[in-house]
Amino acid sequence: MALIYLASRSPRRRELLHQLGVAFDDLLSHEQHGADVDETPHPDEAPRDYVLRLARAKAEAGQRQIASRGLQPLPVLAADTTVVLNGLILGKPSNHQHAREMLHRLSAHAHSVMTAVTVASNARIETVVSTSTVEFRDLDAAEIDHYVASGEPLDKAGAYGIQGRAAMFVRKLAGSYSGIMGLPLIATADLLWRFGIASDWSPRD
């Protein structure tokens, strides 16, 4: 039986929640457009504030969907991930050329990956943020073009997925690998525990 709703279309977050051992229902399968949130950064918005705001907005949109659809009231988990290079937010690329530009910027540089996770239950809303550092090796134009042509970068912040072909770009990383994928497991498990929701493999007293 589901313990929470997941307000995300990301297959990676679904896989990570399964890995965590938390029973959930995919909220967006009930209404594909019910939890859309405008992801445009506000002027002069700090990256941490940006991911915090979006994760909370997605969870609140999920709560509204539950009410409007008359679904069983369960806590909602939502998350947002962004890539940050020298203070600049790199969201999802709008097209192939935009993806190429992002990857050229990331080439031979270290950047931050921030993932905010929000759990909302009734009037209670809590959010945690996981920040990791990823350093890319030098990428040449041909391999960037080849990667972009695969289609993998188009739905991912920073135009890459560390769990996919872009793993070969990573020289080193520090932080949470699952957080870079889109759902930091330790932080998520701790947040769920504070709401009384434990995974099936990690009970606590």
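Sites count as exposed loop sites when they are GluC sites (Glu not before Pro), lie in a DSSP loop, and have at most 14 other Cβ atoms within 10 angstrom; the longest stretch of the chain without one is 46-205. Checking the cross-link filter: which lysines have an alpha carbon closer than 19 Å to that of Lys156, excluding same-chain neighbours under 8 positions apart? Partners within reach: Lys58, Lys92. Principal axis extents of the C-alpha atoms in the range 99-204 (largest first, rounded to whole Å): 50, 25, 21. For the range 70-85, backbone phi angles converted through the Karplus equation (6.51, -1.76, 1.60; θ = phi - 60°) give residue-by-residue couplings of x, 7, 4, x, 9, x, 10, 10, 9, 8, 9, 10, 9, 9, 10, 10 Hz, Gly and Pro being listed as x. With contacts taken as Cα pairs under 8 Å at a separation of at least 6 residues, the chain carries a relative contact order of 22 percent. Couplings 3J(HN,Hα) for the range 117-125, derived from phi with the Karplus relation 6.51 cos²θ - 1.76 cosθ + 1.60 (θ = phi - 60°), are 10, 10, 10, 10, 9, 6, 8, 8, 9 Hz, where x marks Gly and Pro.
Over the range 1-142, the Kirkwood radius and the radius of gyration, each from Cα atoms, give a ratio Rg/Rh of 1.02. The distance linking the range 1-20 with the range 125-187 is 19 Å (Cα centroid to Cα centroid, whole angstrom). In the chain, helical runs assigned H by DSSP with n ≥ 4 each contribute -39500 (n - 2.57); averaged across all residues and rounded to the nearest 500, the mean residue ellipticity at 222 nm is -10000 deg cm²/dmol.
Taking label positions 7 Å along the Cα-Cβ direction at both Asp25 and Leu88, the computed distance is 4.3 nm, reported to one decimal. Backbone amide hydrogens, once placed in the peptide plane, bring Gly164 within less than 5 Å of nothing, excluding anything fewer than 5 places away on its chain.
Read the figures in this text as sums done on the coordinates, not as results from a lab. Since the structure is predicted, the reported quantities are computational estimates derived from the model, not experimental observations. When we count neighbours, we look across all protein chains shown, and the Cβ atoms used for this are built from the backbone with ideal geometry, even at glycine.
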